[in-house]
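Visitor: Structure in C-alpha cells, see below.
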Amino acid sequence: MAARTEALESILVEKGYVEPAALDAIVETYEHDVGPRNGAKVVARSWSDPAYRKRLLSDATSAIAELGFTGRAGEHMVALENTPRLHHLVVCTLCSCYPWTVLGLPPTWYKSPAYRSRAVIDPRGVLADFGVTLPDATRIAVQDSTSEVRYLVVPMRPEGTDGWTEDRLAALVTRDSMIGTGLAMSP
Ligand SMILES: [Co+2]
C-alpha cells in the first residue's frame, strides 16, 4: 500500500496535479496545528479538572468529543495515564494506527519497522533513544494500537505547575509525551 501510494503521488507530481510542497503543508498542519495541540488540550484539562480526568479515563471517546475533537481514527479512544509506577508506550506493531483527532498524522518513525518491532522487544532502549530514562521501579506497558482502538497517553503533570491555567499547561504537553516516547516538559 505504501509503495502504491508513493507511485501514485510521484505520478501526480510528475503530471503537475499536486505540489509536493502542498502535501508537505498538509502534513505539517496535522503535525503542528491540528493534531498534537488538540491532544495537549485534553491532557491539560484532565490535569486541571478531576471530574474530567475521571470521564477521560473511563470513556475517552466521549470525553475527547466534549472538547470538540471527533472524526476519523478517533472513534474508539482509550486514555492511559502515566504514573510513577507505570509508563505507557504506544505502538502499532501491524501498521501505523494512530489517534488522528488528537495527535494529527503519525511521525515517520512511528511507521518505521524499527520502532514497531523494537518498542515491543526493548521498550527501555527505545525510550533511551528518545532521551527518556525512567526509574527501574517504573513498569513499562507497551500498548499495541489497532484500527479499532487508539490510545492517548496522559503524561504526568510536571512539578511546579500548581495553579497554572489550562493554556499554560497545554504548552508543556508534547506530541511524544502523548505517545509515551517522551515526558511532558518541565516549566
Ligand atoms: Co495499525
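Visitor: Considering only residues that are over 10 Å from Val43 (Cβ atoms) and in a loop (DSSP other than H, G, I, E, B), look in the stretch 160-173 and name the one that is nearest to the chain's Cα centre (by Cα).
Guide: In this case the residue turns out to be Ala171.
Visitor: Additional query: Only one of these conditions is not met by Arg45: (1) within 16 Å of the ligand (Cβ to nearest atom); (2) open to solvent by 60 Å² or more (accessible area, probe 1.4 Å); (3) not hydroxyl-bearing (Ser, Thr, Tyr). Which number is it?
Guide: (1)
Visitor: Please work out which residue is surrounded by the fewest Cβ atoms within 10 Å (Cβ to Cβ), limiting yourself to the stretch 106-141 and to residues that are within 21 Å of Gly74 (Cα to Cα) and within 13 Å of the ligand (Cβ to nearest atom).
Guide: Once the filter is applied, the top-ranked residue is Lys111.
Visitor: Is it the case that some residue within the stretch 49-71 is part of a loop (DSSP other than H, G, I, E, B), open to solvent by 60 Å² or more (accessible area, probe 1.4 Å), within 15 Å of the ligand (Cβ to nearest atom) and over 27 Å from Gly163 (Cβ atoms)?
Guide: no
Visitor: Another question, then. Being in a strand (DSSP E or B) and either on the phi > 0 side of the Ramachandran plot or touching a helix residue (DSSP H, G or I) at 6+ places or on another chain (Cβ under 9 Å) (or both) is the filter here, so list the residues in the stretch 107-140 that pass it.
Guide: Ile140 - this is the single residue of the stretch 107-140 that is in a strand (DSSP E or B) and either on the phi > 0 side of the Ramachandran plot or touching a helix residue (DSSP H, G or I) at 6+ places or on another chain (Cβ under 9 Å) (or both).
The values are calculated or read from the model by the stated rules, or taken from the named source; none is laboratory data. None of these values were measured; they are calculated from a predicted model. Positions of Cβ are generated from backbone atoms using ideal geometry, with glycine treated the same way; all protein chains shown enter the neighbour counts. When the accessible area is computed, the model is the full protein with side chains, heavy atoms only, and any ligands, DNA or RNA have been set aside. Shrake-Rupley method; radii C 1.70, N 1.55, O 1.52, S 1.80 Å.
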